[in-house]
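What follows is a set of notes on a single structure, which appears directly below.
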Amino acid sequence: MPTPPQWVFAACRAPTEQRAQELQRLASRHRNLVIIPLEVTDPASIEAAAAQVGERLGGSGLTLLINNAGMAILNTLDKETLEDMTHVYTTNTIGPLLMGQVRPSPKLSCPVAAPKTGGRGSCPCSM
């Protein structure tokens, strides 16, 4: 990009494990890419990640959050368990809710859920 963003934060459960190798390669080629450990089902992990992002931003604010955590456990109906369904629901539904609630600094994001229409004024804070 001719004018890349100052920071791009990429969060994953285990940034040092094998599954994150491509992310590690990207970070080694792009100095503005910061890998942050994050488990969206763990409020302490969310708070720690938010603190790391807040330290880098220094109060300048976060422009965009793409919350892309999700999972599926493929079971047949007769093999489905409460434990598996609870894990899927917690990751896919409660995790995004928790991510949207965290505020590492007052300037980090808009406290009101903005409609998906986009454009100027979609967030009441930008008016």
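If R0 is 25 Å, the Cβ-Cβ spacing of residue 66 and residue 86 corresponds to a FRET efficiency of close to 0.50. For the stretch 82-88, backbone phi angles converted through the Karplus equation (6.51, -1.76, 1.60; θ = phi - 60°) give residue-by-residue couplings of 4, 4, 5, 5, 5, 5, 5 Hz, Gly and Pro being listed as x. Checking the a/c ratio against 1.5 first, then a/b against b/c, what shape does the Cα gyration tensor give for the stretch 1-57? Judged from the Cα gyration tensor, the stretch 1-57 comes out oblate (a/c at least 1.5, b/c at or above a/b).
For residue 9, the residues 5 or more places off, or on other chains, whose built amide H falls under 5 Å of its own are 34. A simple rule links phi to the HN-Hα coupling: the Karplus curve 6.51 cos²θ - 1.76 cosθ + 1.60 with θ = phi - 60°, which for the stretch 39-47 gives 10, 5, 8, 10, x, 5, 5, 5, 4 Hz, with x for Gly and Pro. Across every pair of different alpha-carbon atoms, what Kirkwood hydrodynamic radius in Å does the stretch 24-71 reach? So the Kirkwood estimate lands at 12.2 Å.
A short reminder: the numbers here are calculations on the coordinates, not readings from a lab. Bear in mind that the values here come from a model prediction, so they are computed numbers and not experimental data. Virtual Cβ from ideal backbone geometry, glycine too; neighbours counted across all protein chains shown.
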